[in-house]
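Here the structure comes first, spelled out in structure tokens, and everything after it is commentary.
Nothing in this text is a laboratory measurement; each read-out follows from the coordinates by a stated rule. A quick note: this is a predicted structure, and the numbers were derived from the prediction, not measured. Every residue, glycine among them, receives a Cβ derived from its backbone with ideal geometry; neighbour counts consider all protein chains shown.
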Amino acid sequence: MSVLVRLSVSGMTADTYDKVSEPLTPLILSAPGFVAHVAFVVEGEFHVSEIWESRDDFQNWFDNNVKPNVPGVEIDEVREVHNVIIKK
């Protein structure tokens, strides 16, 4: 079942996000189960939401790519989703 993942990174700036995401972008685009990624700021704190085809796909990506490269990243929430609609 697809999942929506919410992550936060305390203290991250847009410049830091851009620097960290640059080498990860080609990897996430080819990661098994990856569907979508959005990054945004709320009250000065960076947040990321992603959609993955399964919790296992996300966890594998996070453990092997995000956690080692993004200091301070926290998983705020992982929720199963009922439906995902993406314009192609």
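For the stretch 1-57, how many residues are without any contact (Cβ under 8 Å) to a residue 60 or more places away in the chain, closer than 15 Å to Gly72 by Cβ and buried (at least 16 other Cβ atoms within 10 Å of the Cβ)?
6
Quick one: in the stretch 45-67, which of the residues that are out of contact with any helix residue (DSSP H, G or I) (no Cβ under 8 Å at 6 or more places or on another chain) and among the aliphatic types (A, V, I, L, M) is nearest to Val5 (Cα to Cα)?
Ile51
Please indicate, with yes or no, whether at least one residue in the stretch 68-79 is within 11 Å of Val5 (Cβ to Cβ) and of a type in the set (S, T, N, Q).
no
Applying the selection to the stretch 44-88, what residues are among the polar types (S, T, N, Q) and closer than 22 Å to Ala14 by Cβ?
Ser49, Asn65, Asn69 - these are the residues of the stretch 44-88 that are among the polar types (S, T, N, Q) and closer than 22 Å to Ala14 by Cβ.
Determine which member of the set Asn64, Asn69, Asn60 is over 10 Å from the mean Cα position of the chain (by Cα) and either on the phi > 0 side of the Ramachandran plot or free of Cβ contacts under 8 Å to residues at least 24 places away in the same chain (or both).
Residue meeting the stated conditions: Asn64.
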